[in-house]
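The structure appears right after this line, and notes come after that.
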Amino acid sequence: MRLRALAIAIGLCCLAACGGTESPPPKPMGTPTKVDDVTGIWRSIHQNTLELRRNGTFVLITSVSEAMAGDYSLAQDRMTFFNTKTCGGAQGTYRVQVAPKDRMLLTDADDTCAPRRMGLTSDPFVYAS
């Protein structure tokens, strides 16, 4: 009888361990509808940090180049970065997809500024704050 009770207890523990909590599915990504959808601090797996401010300015910190700062504009699914001191007068335009306060992806870069392009497109960004 004791052996049977022990076997049942072990079985229940195994079932409980396997039934861990599932994380919710990721939010769907889409075209930002307003600047607030992209503002905030975003980080990538390679420790790039992108701060997009509501006033249209940004700061990009990467491990492979100097920190960059400048301005950005948002129009439908395109984000344009400009007035970046380390990029001369080069503008860079990217396709942006976002799940607000969750994830952001910049792709289809039309940017001759290699450090900015690499910092913005090497990985997806995750919302930090």
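Just name the residue that is nearest to Tyr127 (Cα to Cα) out of those in the range 83-100 that are polar (S, T, N, Q) and free of Cβ contacts under 8 Å to residues at least 24 places away in the same chain. My answer is Thr93. If you scan the range 62-82, which residues turn out to be without any contact (Cβ under 8 Å) to a residue 24 or more places away in the chain and surrounded by 14 or more Cβ atoms within 10 Å (Cβ to Cβ)? Scanning the range 62-82 gives Ala69, Gly70, Asp71, Tyr72, Arg78, Thr80, Phe82. Scanning the range 116-129 for residues that are touching a Ser or Thr at 6+ places or on another chain (Cβ under 7 Å), more than 14 Å from Leu52 (Cβ to Cβ) and crowded, with 17+ Cβ neighbours inside 10 Å turns up just one, Thr121.
Listed here are the residues, each with its yes/no results for (1) assigned to a helix (DSSP H, G or I); (2) at pLDDT 95 or above.
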{"position": "Thr86", "(1), (2)": "yes, no"}
{"position": "Gly89", "(1), (2)": "no, no"}
{"position": "Thr107", "(1), (2)": "no, yes"}
{"position": "Arg116", "(1), (2)": "yes, yes"}
{"position": "Leu120", "(1), (2)": "yes, yes"}
{"position": "Asp123", "(1), (2)": "no, no"}
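Pairs please, first residue from the range 104-129 and of a type in the set (Asp, Glu), second anywhere and modelled with pLDDT of 95 or more and not in a loop (DSSP other than H, G, I, E, B), Cβ atoms under 6 Å, 6+ apart in sequence or on different chains. Listed by first residue and then by second, the contacts come to Asp108/Arg95; Asp110/Thr93; Asp111/Gly92; Asp111/Arg117. What are the residues in the range 74-117 that are in contact with a helix residue (DSSP H, G or I) (Cβ under 9 Å, 6 or more places away or on another chain) and hydroxyl-bearing (Ser, Thr, Tyr), if any? Thr84, Thr86, Tyr94, Thr107, Thr112 - these are the residues of the range 74-117 that are in contact with a helix residue (DSSP H, G or I) (Cβ under 9 Å, 6 or more places away or on another chain) and hydroxyl-bearing (Ser, Thr, Tyr). Before we move on, is Asp36 in contact with a Gly (Cβ under 6 Å, 6 or more places away or on another chain) and not β-branched (Val, Ile, Thr)? It is false that Asp36 is in contact with a Gly (Cβ under 6 Å, 6 or more places away or on another chain) and not β-branched (Val, Ile, Thr).
The values are calculated or read from the model by the stated rules, or taken from the named source; none is laboratory data. These numbers come from a predicted model, not from an experiment. Counting neighbours? That spans all protein chains shown, and the Cβs are built from the backbone with ideal geometry, glycine included.
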